[in-house]
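Working notes, structure below.
Any read-out appearing in this document is the output of simple, stated calculations on the displayed coordinates, not a laboratory observation. The model shown is predicted, which means the values in this text are computed figures rather than measured ones. In this analysis, Cβ positions are derived from the backbone assuming ideal geometry, glycine residues included, and neighbour counts consider all displayed protein chains.
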Amino acid sequence: MSEVFTPTRYKLSVEDYHRLGDVGILNEDSRVELIAGELIEMAPIGGPHMAVVNRLTKRLVLAVGDFGVVSVQNPVRLPPHSEPQPDFAILKPRAGEAASAVPGPEDVLLLIEVADTTLAYDRGTKLALYAKSGIAESWIVNLQSKCVEVYREPTAHGYTKRIEFQCEECVSPLAFPTMSVAVAEVFK
């Protein structure tokens, strides 16, 4: 008796993903990211999302200064099968300086996702990926509840610590304990 064939999906590696760009199948206008070996179409950016990203960009750049790099909606390489594009990656000061360097988990101080329609996906798929990759801290700026969800203490199975900051509170990243972000300012 012959064995039954069970089809499995082929997972793209980060290198495969980059080759798709090198040969012109994907370009800078392609709104996809590589998650767990699969190309995932990114959600359209709506007005409220864009407004929060713009406000937070200004605040983060001023607050971080020369102590880090604020990378906005750029990729982070999480080998072997993922290269997400979080809304923000706060990177170590010299990360990504080489023209060909896509920062990896060792370069990341904080990842931030701004979530409205993508809230369940960001909480589930992306947070699990970030934790498994050893990203020390991730935030979800929750547009639905107007709060900032902070996730810390990564494990292979997710983050073990979750703290929710409301509009009347301020939040500080682990990497910059003297930096304070007023949650209300994010949602003005």
### Task
Would you check which residues across segment 36-80 are small (G, A, S) and under 14 Å from Y17 (Cβ atoms) and list them?
A36, G37
### Residues being of a type in the set (D, E, K, R), touching a helix residue (DSSP H, G or I) at 6+ places or on another chain (Cβ under 9 Å) and assigned to a strand (DSSP E or B) - total across segment 138-159
2
#### Entry: Out of A63, A43, sole residue that is closer than 28 Å to S145 by Cα and assigned to a loop (DSSP other than H, G, I, E, B)
A43
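Only one residue in E164, E149, E137 is within 14 Å of the chain's Cα centre (by Cα), under 19 Å from A184 (Cα atoms) and not basic (K, R). Which one?
Within the list E164, E149, E137, the selection yields E149.
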### Message
Quick check on segment 117-131. Is at least one of its residues surrounded by 16 or more Cβ atoms within 10 Å (Cβ to Cβ), closer than 25 Å to V181 by Cβ and in contact with a helix residue (DSSP H, G or I) (Cβ under 8 Å, 6 or more places away or on another chain)?
### Response
no
### Which listed residue is within 14 Å of L56 (Cβ to Cβ) and small (G, A, S), from S172, S180, S145
S180
#### Entry: Pairs where the first residue, in segment 71-85, is closer than 15 Å to I40 by Cβ and the second is hydroxyl-bearing (S, T, Y) and assigned to a loop (DSSP other than H, G, I, E, B), C-beta under 8 Å, 6+ apart
L78/S133; H81/S13; S82/S133
